[in-house]
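Below: one structure, written as structure tokens.
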Amino acid sequence: MADSQGSTGKKPVGKMISFGIGSIILYAIVFSNEGLVTEWFTKGKWFAALPIITVFIFSFVHGTFASYLWSVLGLEVVKKK
Amino acid sequence: MHDIVQQATNFIDLGMMQVAFLFIVGFIGGLVSGFIGSGGAFVLTPGMMSLGIPGTVAVASNMCHKFPKAMVGAYKRFKYGQVDIKLGLVMAASATIGVQVGIKIQEAILAAWGEAGSNLYVSLSFVAVLVIVGGYVFYDAWKTSKSGGAEKVTALARKLQSINLPPMIHFKRANVRISLWFTIPVGFATGMLAATIAVGGFVGVPGMIYVMGASSLIASASELVIAFVMGFGGSVKWAMNGMVDIRLTLIILAGSLIGVQLGAIGTTYVKEHMIKVVMGTIMLIVAVSRGLAVPVYLTDLGVMHLAKDTMTVLNRISFISMAIALCTGAVIILGAMWKGKKAQALEKTPAPVFVRSPK
């Protein structure tokens, strides 16, 4: 996941939009093939890898988007003295 | 087994209302987890069941969102220097054994007293643990805030740290040196509680603070490592039985990944004792909620008698108060962050310079 910019740096608007679009595409793929995805993802046994890998991929893309989102909204980590 | 699975996984159709509910609860649950290390599951599972999702699918899909959320939260807080990975992993090892024992106890109760007996056991565990531990956490937070917000290591933790019982482990980030033997009961209890009420952190975090001597910042952040390890193991198990509805998991994850990072950032805005305030408040309100459900289960067991309408009302109030617990936690976090941000902005503003005008 990406590091957000420092409070003095430029806001990562472009990166947020890129990862946001990536996230929307991933969600669109899953939900437009709902039936097929559900069928394969619930076969059990070794097919268990499918939901597990999927959540890792979504966590990276959507998580990075969320990180940039808070950064763009001006919420940065406060370093206490 | 697979036939049963196929019956259970006649997954529900998702409308806008269901999607919005899962996203919002995911966000609030994520916010609370990012801040105190756990939470959210106790509202999500019953909430999902009220949407018509079978209990096992609700538990499985919820767990499958929990471990990536914990992973992202742990990663963020690791970057802020708050996670002791070794502490999290040592605790997770004994928690895994605790989960297995917890499941065995649940199975034995289910076989002896059926569904109502199992529900009663879960609710009584909730009430007992949350009143005792939550009450103490809340009292300690109040005491700390009155003394200026500086946390002190408890006498119990200092005593245990001074006992030289090999093997001794040094947790560098937490700045704690303690015998492995004293970490095991805390981890074990965390796992037992996770198997019983799905929120092991309600014992894990206070255990790391009061028994082992870690700060609330380190304890709540390291709890996310435990949640990741336990959630990952549990999710693989559920997925191997084909019980995970990935659509539900991904919708909750959409909200919780945003919330968990806000909660993690929030810990850097507030005084440390705020973690205890949020945790204690949530635990006490949830205790009341589960306490309200006890008469319903006693009626199911035939121990007492309640009218059907009264039982419905009690169940509804119990669920609403659980949702209130989560929302109250979120409001306290956001309020404390708001105050912290305002104080930070004031610090940055240069002091006004008064220039004396010439006479």
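We did not get these values from a lab; they are worked out from the coordinates using the rules stated. Everything numeric in this text was worked out from a predicted model, so none of it was measured. Here the Cβ positions follow ideal geometry from the backbone for every residue, glycine too, while neighbour counts run over all protein chains shown.
Look at B:Arg173, B:Arg77, B:Arg290 and count the other Cβ atoms within 10 Å of each Cβ; fewest to most, that gives B:Arg173, B:Arg290, B:Arg77. Compactness of the stretch B:145-184, taken as the C-alpha radius of gyration over 2.2 N^0.38 Å, stands at 1.37. The helix-based estimate of mean residue ellipticity at 222 nm for chain A, built from -39,500 (n - 2.57) per DSSP H run of four or more residues and divided by its residue count, is -21500 deg cm²/dmol to the nearest 500. Counting 0.36 nm for each residue step from B:Lys143 to B:Ser50 and taking away their Cα separation leaves a gain of 29.6 nm. The aspartates and glutamates whose alpha-carbon is closer than 15 Å to the alpha-carbon of B:Lys66, local same-chain residues fewer than 8 away aside, are B:Glu223, B:Asp245.
Counted by Cβ distance under 15 Å from B:Tyr136, the other residues give a net charge of +1, where Lys and Arg count +1 and Asp and Glu count -1.
Under the convention that each Lys and Arg Cβ holds +1 and each Asp and Glu Cβ holds -1, the size of the dipole of the protein assembly as shown around its Cα centre is about 2260 debye.
Suppose R0 equals 45 Å. What FRET efficiency, 1/(1 + (r/R0)^6) with r the Cβ-Cβ distance, do A:Thr38 and B:Lys152 give to the nearest 0.05? Calculated transfer efficiency: 0.30.
Full extension of the chain between B:Thr349 and B:Leu334 yields a length gain of 3.1 nm, computed as 0.36 nm times the residue separation minus the alpha carbon distance.
When its C-alpha radius of gyration is set against 2.2 N^0.38 Å (N residues), the stretch B:33-87 gives a value of 1.36. Applying the Karplus relation 6.51 cos²θ - 1.76 cosθ + 1.60 with θ = phi - 60° to the stretch B:65-81 yields 3J(HN,Hα) values of 8, 5, 6, x, 4, 5, 4, 5, x, 5, 4, 4, 6, 5, 5, 8, x Hz, where x marks Gly and Pro. Given +1 at the Cβ of Lys and Arg, -1 at the Cβ of Asp and Glu and no other charges, the dipole of chain A around its Cα centre is 440 debye to the nearest 20.
Ignoring aspartates and glutamates fewer than eight residues from B:Lys339 along the same chain, the ones with Cα atoms less than 17 angstrom from its Cα are A:Glu76, B:Glu272, B:Glu347. Using just its DSSP H runs of length 4 or more, each adding -39500 (n - 2.57), chain B gives a mean residue ellipticity at 222 nm of -25500 deg cm²/dmol after division by all residues.
Under the convention that each Lys and Arg Cβ holds +1 and each Asp and Glu Cβ holds -1, the size of the dipole of chain B around its Cα centre is about 1840 debye. Modelled spin labels at A:Ile29 and B:Thr310, positioned 7 Å past Cα toward Cβ, are 5.6 nm from each other. Ranked for footprinting exposure by Cβ neighbours inside 10 Å, fewest first, B:Thr56, A:Thr54 give B:Thr56, A:Thr54.
The calculated pair-distance distribution of the stretch B:227-348 uses every alpha carbon pair, bins of 5 angstrom beginning at 0, and gives 2, 9, 12, 13, 13, 15, 15, 10, 6, 3, 1, 1, 0 percent. Cβ-Cβ distance of B:Trp181 and B:Ile103, R₀ of 22 Å, FRET efficiency by 1/(1 + (r/R0)^6): the value works out to about 0.35.
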